[in-house]
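First comes the structure, then the notes that go with it.
The values are calculated or read from the model by the stated rules, or taken from the named source; none is laboratory data. Quick caveat: nothing in here was measured; it's all calculated off a predicted structure. In this analysis, Cβ positions are derived from the backbone assuming ideal geometry, glycine residues included, and neighbour counts consider all displayed protein chains. Calculation scope for accessible area: heavy atoms of the full protein, side chains included, ligands and nucleic acids excluded. Shrake-Rupley method; radii C 1.70, N 1.55, O 1.52, S 1.80 Å.
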Amino acid sequence: MAVSFPSEWDDDERMSFLFSAFKSRDVDSADWDSKIAFWTPLIVNHAKAQGLLSITLRQLQKDFTRKGSLPMGLGTVMQEMLRQGSLQQESDFVAGITSGWLSWGMRQLIIKPLRWTMSSVLGGQINPDEPLVVPEVIKHQAGLVLQKYQSSPLTTVPLLCEDDVHGLCKNLIPSQSAFQLVLLQLLRDKKVCLLQKDGEKLVKFVKDGSSHVTPIGDTDLGIYELQKSEKLLSERLQSACDESTRLTEEAKSFNKAGNKNQALRCLRRRKITEKRITALQGKLDTVQSILERISMAETDRKVVSAYQIGVSALRSALKDVSLEKTESLVEQIQEFCDLQDDVNQTLSGVGVTDLDVDTDELERELNEILQQEEVSLPEVPTGPLRVTSPEHLPIGQHGHNGALDMSGMLSALPDVPIGPLIGSPVRPAVGQSNREASPQTHRALFQ
């Protein structure tokens, strides 16, 4: 990955000052503080971007060479970072771990006597080739490794060997020594527990949702041994199946070549292999059944734990609730509801008026109003209707031009009823004209 520099890197005047050697802090503290403030975050960010868990002075001088010039004060900067804790010697980084950690055989983490000698000879000056660890980068990489594990199928495995863990995150940390530094940081953060057993280096990660890992117990070791047995049986079973297939093909080849005895020998060996396959399959089924039961037991344990949490939550929620108190509250609610119904009924029966009127007088007034609304219809004539021709009309009923004067006839007609017609009109019988309709028919029209 290319080195990322700040914007000041292109300012020749500024970089000439930053590349110069340090003066004494007692002489010019501003010069000292300005250079430290520039180089310290640049070195840490550079190591984080490159994934460098440890750095050397010689490596930094090479990476920060600008226009053929080397930074003259990097040794002083690294000494100040050591004082502040931004950098650490490997021996100081390992110092917080118990002696049991050394049983892992990480000899590369132990500072060799030659380094101590060179440091003492140089009078405390930084050895250009001595690697110094960057704690901030190690913490960052440790977090990435933990995330990688928690998102992998290996979370179902309680114990892992060191090689399996390194294989899981090899793309993040290719170097074995750097990977062990990350394991050391996880151990410090109580995110992993380490154990060496029968020459194997075992790692147990913290469970998702827990703040720290639990110690490795007999149950973890028993499950680990069962899983090893399952893996071993699966490999042997696969090997036996491959051998059976190979013997079958060889028997066919010998038979085609006319070597019947050799073909029979291959079949005999295949029979023995098939018996071994049957035995291996039975053992594998047993081991897998035990592991399945352990997994189910773990699931049951989690369910029971969830039940216990639920019971505790219910107990806390119903702490102040009892059957007697509930019945008392229901009775009080019913009493208040009954009281409200009585109040509403009482309020609805109240009549507010300023007049004291006699009921009989009101009934007489109502009858008078109803009588005024009744409609009086004229009587219907009982005789046949006759229409007088114009020539028989009395004089005076003709108009001035001889036309029939209808005003007299209209005035002679009875008044049109103003009330609603009662009943339906009676139609003339079939074949009977309006003129021939009976008086009862005309009477029905006005009823």
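Things to note:
- Estimated inter-spin distance, Q288 and Q345, nm [label 7 Å along Cα→Cβ]: 7.7 nm
- Note on D129 and T219: the extension gain reaches 27.8 nm, defined as 0.36 nm multiplied by sequence separation minus the Cα-Cα distance.
- Listed cross-link partners K48/K197; K48/K228; K260/K283; K67/K139; K48/K190 are compared with a 32 Å cut-off, the Cα-Cα value being larger for K48/K197; K48/K228; K260/K283; K67/K139.
- Long-range HN-HN contacts of Q88 with modeled amide H, under 5 Å: V133
- Efficiency of FRET from Cβ geometry, L329 and D360, R₀ 41 Å, rounded to 0.05: 0.15
- Our note on the geometry: Cα centres of segment 32-94 and segment 298-323, 55 Å apart.
- Solvent-accessible surface (1.4 angstrom probe) belonging to F336, in square angstrom, nearest 10: 130 Å²
- Take the Cβ atoms of S239 and Q196, set R0 to 22 Å, and the FRET efficiency comes out at 0.15.
- Shape of segment 224-276, Cα gyration tensor, a/c cut at 1.5: prolate
- Solvent exposure ordering (accessible area, 1.4 Å, most first) of K325, K204, K148: K325, K148, K204
- Other-chain or far-sequence residues with amide H under 5 Å of F22's (modelled H): none
- Accessible area per residue, Å², segment 210-281 with all protein chains present, probe 1.4 Å: 68 Å²
- In terms of its alpha-carbon gyration tensor, segment 176-227 comes out oblate; a/c meets the 1.5 threshold, while b/c is at least as large as a/b.
- S54 long-range amide H proximity, modeled H, under 5 Å: V134
- Accessible surface, 1.4 Å probe, highest first, among residues R276, R315, R270: R315, R276, R270
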